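See structure below.
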Amino acid sequence: LQRIKANIERMNSMLNDLIGVTAIDAGQLEIRLTVVDMAEVIEDTIIGARAQLEENEITLNMNVTEDVPPVEADPDSVRQIMSNLLGNAIKSTPAGGAIEISTHVYEENGDTPGEEIRGPFLRVSIKDSGGGIAPKDLDRVFERFYRAERPLIEGLGETGVGLSIVKSLVEAHGGRVWVDSEIGQGSIFSFLLPISEQFD
């Protein structure tokens, strides 16, 4: 039953990716902004992936601030972002390994890759304990890998369109996503979403 549940979780993730990439390619990506409780989204994502975590005996560590500020975002999009990034971390992490999810308030200061964007943001990071991604492959991480001529990236769990969808969804919210990785140490995927103005 545990294995069946884990497979259902994987199939659900693949179906959401198919729907997402179809909407993006058709120019029909709809972002309906509202106030989203990120702590609840993170908790729901973990519950949704529990069977896969248990099947692979992966330990999940939380380093989440006590009062996670709400973000201004589309609830379905945020859930897909979290689901895809956690799914990638699970695929990247060997059996018996560990994953860490962390959050903190973030002000853009130009010290990280990408264009300068305004804050404040909530930064969410998912760290895996996989083999890490080679520097030469980092620029390709958020590309699609479904074409035969695109070789898969070693150390990356994602083998399809999930991370490209993450990039599209995060950027549609005015945020940014990137990866830091070290061979033999694993990878950290981080994304920024704007904190709701209703947060005091």
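The values are calculated or read from the model by the stated rules, or taken from the named source; none is laboratory data. This one's a predicted model, so the numbers in the text were calculated from it and none came from an experiment. Because the Cβ atoms are built from the backbone with ideal geometry, glycine has one as well, and the counts that use them run over all protein chains shown. With ligands, DNA and RNA removed, areas are computed over all heavy atoms of the protein, side chains included. Shrake-Rupley method; radii C 1.70, N 1.55, O 1.52, S 1.80 Å.
Does a label point 7 Å from the Cα of Ala39, set along Cα-to-beta-carbon, have any residues of segment 84-107 with amide nitrogen under 18 Å, and which are they? Answer for this model: 101-106. Applying the Karplus relation 6.51 cos²θ - 1.76 cosθ + 1.60 with θ = phi - 60° to segment 80-96 yields 3J(HN,Hα) values of 5, 4, 5, 4, 5, 6, 5, x, 5, 5, 5, 5, 7, 8, x, 3, x Hz, where x marks Gly and Pro.
Highest mean first, the peptides 72-81, 97-106 sorted by other C-beta atoms within 10 Å per residue fall in the order 72-81, 97-106. Local charge for Ala73 was computed over the other residues whose Cβ lies under 14 Å away, with Lys and Arg +1 and Asp and Glu -1, and equals -4. Per residue, segment 55-108 exposes an accessible area of 44 Å² to a 1.4 Å probe, with every protein chain left in place. Distances between placed amide hydrogens fall under 5 Å for Ala98 paired with Thr59, Ser129, all partners being 5 or more residues away or on another chain.
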